[in-house]
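Report on the structure given below.
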Amino acid sequence: MTFAFRKSMIAAGLTAAMLGGAASAETLRLSHNVGDTTTWHRGAERFNELLQEKTGGEYDVRIFPNAQLAGGDQMKQAEMTGRGAIDVVLTSAINVTPLAPEMAAFSLPYLYADYEAVDATTSGEAGARMEEVMEGHGIKVLAWGENGFREVTNNVRPIRTPEDMAGLKMRVAGPMYIDVMNSLGANPVQMQWSETFPALQQGVVDGQENPIGAVIIPQRVYEVQDHLTTWHYSYDPIFLGVSMERWEAWDEEMQAAVQEAATEAMEYQKQISREDTATGVEFLREQGMEVYEPTAEELQAFKEATQPAFDKWAEQIGPEIVELFVSEAGAAATN
Ligand code: X2X
């Protein structure tokens, strides 16, 4: 039975169950590594709805948050997807860097001036190049969504200059951010996201960095952090990817349904992340956070201070890929 036929039967009043849909629906297991209140999760839910709709109920998606399917290890999800142990992954570029160091290119400090620059790379040659890299690791990237520009929070003092970071114990997600924090004189600690809230609450670490709309607000980081600075130091995309093994086993009709559902779901996820970020600073102030928005000169000082980390990682990623990102982002930036 084709999806189109199933859809027309459902439109005519038959239920998916009557068509043998609900009982025999095939379930794809989707892993992501943040909580179920985030824009990531809402994007995953939208993917489930759209996939059911586009396959006439023959396929659905079960969502597992907090990297549960990888035993809580957010960096392990991609590798598991690559070998077919997880069907679908929704994760951010930084989590994939142990498997594919090239993916760190997106998050190089101060690479992007604005969203125009971001979108030019995810929809351009740079994004296509990263899709090839991920295919080499057994993951078909279906669509790019957004974690966002990562902003710094802490409980010790307002951050206005690189010197203000000195000695702060900072939770970070991945290896590149260790070097970035070191270049600022902070003390970085790599930690799972799911363990970060209690660590901040108990004062095990002083601060962390994450995007406002996708993570800081929905995960209520403002309840355990006093200061935030919108330093925009690193951008982090997310992507919806499916194991190549799964992808290659599907016929063209199913591949088209999955692709369309993913594209629409990530478009939605990106839009709500940007909206919630745009209104977020005011919301965080209402919640009692002290928010500092640096001037262009102050941002330049952070950029200069983090240059050694940029250079070190540019070498690791490969100059040709970095050049592709820098030129595509630079040509599109309007800021
Ligand atoms: O762990 C983080 O900080 C998060 C949620 O942003 C990532 O997945 C990189």
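Within the group Gln316, Gln255, Gln259, which residue is part of a helix (DSSP H, G or I), farther than 27 Å from Tyr222 by Cα and touching a Pro at 6+ places or on another chain (Cβ under 8 Å)? Criteria check complete, one pass: Gln316. Restricting attention to region 98-114 and to residues that are in contact with a Ser or Thr (Cβ under 9 Å, 6 or more places away or on another chain) and open to solvent by less than 10 Å² (accessible area, probe 1.4 Å), the residue that is farthest from Glu125 (Cα to Cα) turns out to be Pro109.
Looking at the structure I just gave you, is Thr55 under 17 Å from the mean Cα position of the chain (by Cα), modelled with pLDDT of 95 or more and either open to solvent by less than 40 Å² (accessible area, probe 1.4 Å) or on the phi < 0 side of the Ramachandran plot (or both)? Taking the combined requirement at face value, the residue does not satisfy it. Test Ala93 against the criterion of being more than 16 Å from the ligand (Cβ to nearest atom), at pLDDT 95 or above and under 13 Å from the mean Cα position of the chain (by Cα), and give yes or no. Spelling it out, it is not the case that Ala93 is more than 16 Å from the ligand (Cβ to nearest atom), at pLDDT 95 or above and under 13 Å from the mean Cα position of the chain (by Cα). Quick check: is even one residue across region 51-69 of a type in the set (Ser, Thr, Tyr) and within 16 Å of the ligand (Cβ to nearest atom)? No, there is no match, as no residue in region 51-69 is of a type in the set (Ser, Thr, Tyr) and within 16 Å of the ligand (Cβ to nearest atom).
Every residue, every condition in (1) open to solvent by 90 Å² or more (accessible area, probe 1.4 Å); (2) polar (S, T, N, Q), yes or no:
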residue	(1), (2)
Val258	no, no
Met266	no, no
Gln271	yes, yes
Met289	no, no
Asp311	no, no
Glu315	yes, no
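Can you find a residue that is closer than 16 Å to Pro211 by Cβ, in contact with a strand residue (DSSP E or B) (Cβ under 7 Å, 6 or more places away or on another chain), within 15 Å of the ligand (Cβ to nearest atom) and among the hydroxyl-bearing types (Ser, Thr, Tyr) anywhere in region 107-118? Within region 107-118, one or more residues are closer than 16 Å to Pro211 by Cβ, in contact with a strand residue (DSSP E or B) (Cβ under 7 Å, 6 or more places away or on another chain), within 15 Å of the ligand (Cβ to nearest atom) and among the hydroxyl-bearing types (Ser, Thr, Tyr).
Gln225 meets all of the listed conditions (1) in contact with a Leu (Cβ under 7 Å, 6 or more places away or on another chain); (2) in a strand (DSSP E or B) but one, namely (2).
Residue pairs whose Cβ atoms lie under 7 Å apart, sitting 6 or more positions apart in sequence or on different chains, and linking a residue in region 179-195 that is farther than 25 Å from Lys76 by Cα to a partner that is of a type in the set (Val, Ile, Thr) and buried (at least 16 other Cβ atoms within 10 Å of the Cβ), are Ser183/Thr306; Leu184/Thr306. Could you tell me whether region 77-94 includes any residue that is farther than 20 Å from Ala214 by Cα, acidic (Asp, Glu), touching a residue at least 40 places away in the same chain (Cβ under 8 Å) and touching a strand residue (DSSP E or B) at 6+ places or on another chain (Cβ under 9 Å)? Checked against the condition, which is being farther than 20 Å from Ala214 by Cα, acidic (Asp, Glu), touching a residue at least 40 places away in the same chain (Cβ under 8 Å) and touching a strand residue (DSSP E or B) at 6+ places or on another chain (Cβ under 9 Å), region 77-94 yields at least one hit. Evaluating Thr153 against the criteria (1) under 29 Å from Ala301 (Cα atoms); (2) within 17 Å of the chain's Cα centre (by Cα); (3) outside any helix (DSSP H, G or I); (4) within 14 Å of the ligand (Cβ to nearest atom) leaves one unmet condition, (2). Just so you know, in region 188-218 the residues that are part of a loop (DSSP other than H, G, I, E, B) and within 16 Å of the chain's Cα centre (by Cα) include one that is nearest to the ligand (Cβ to nearest atom), and it is Gln192.
Within region 114-138, residues that are over 17 Å from Val242 (Cβ atoms) sit with their Cβ atoms under 6 Å from residues that are at pLDDT 95 or above and acidic (Asp, Glu), at 6+ positions apart or across chains, in these pairs: Ala120/Glu328; Thr121/Glu328; Gly124/Glu328; Ala126/Glu328.
Restricting the search to region 64-79, which residues are surrounded by fewer than 20 Cβ atoms within 10 Å (Cβ to Cβ) and not in a loop (DSSP other than H, G, I, E, B)?
First pass over region 64-79, keeping only residues surrounded by fewer than 20 Cβ atoms within 10 Å (Cβ to Cβ): 64, 66, 68, 71-73.
Listed by number, the residues that qualify are Phe64, Gln68.
Would you check which residues across region 28-52 are open to solvent by less than 10 Å² (accessible area, probe 1.4 Å) and assigned to a strand (DSSP E or B) and list them? Residues satisfying the conditions are Leu28, Leu30, Ser31, His32.
Looking at this structure, is Glu260 out of contact with any Ser or Thr (no Cβ under 9 Å at 6 or more places or on another chain), closer than 27 Å to Val61 by Cα and at pLDDT 95 or above? The answer is yes for Glu260. So which residues in region 156-187 are open to solvent by 30 Å² or more (accessible area, probe 1.4 Å), within 16 Å of the ligand (Cβ to nearest atom) and either modelled with pLDDT of 95 or more or not in a helix (DSSP H, G or I) (or both)? Answer for region 156-187, where residues must be open to solvent by 30 Å² or more (accessible area, probe 1.4 Å), within 16 Å of the ligand (Cβ to nearest atom) and either modelled with pLDDT of 95 or more or not in a helix (DSSP H, G or I) (or both): Lys169, Ile178, Asp179.
The values are calculated or read from the model by the stated rules, or taken from the named source; none is laboratory data. Every value quoted in this text rests on a predicted model; they were computed, and no experiment measured them. Positions of Cβ are generated from backbone atoms using ideal geometry, with glycine treated the same way; all protein chains shown enter the neighbour counts. Just the protein is used for accessible areas: all its heavy atoms, side chains included, with ligands, DNA and RNA removed. Shrake-Rupley method; radii C 1.70, N 1.55, O 1.52, S 1.80 Å.
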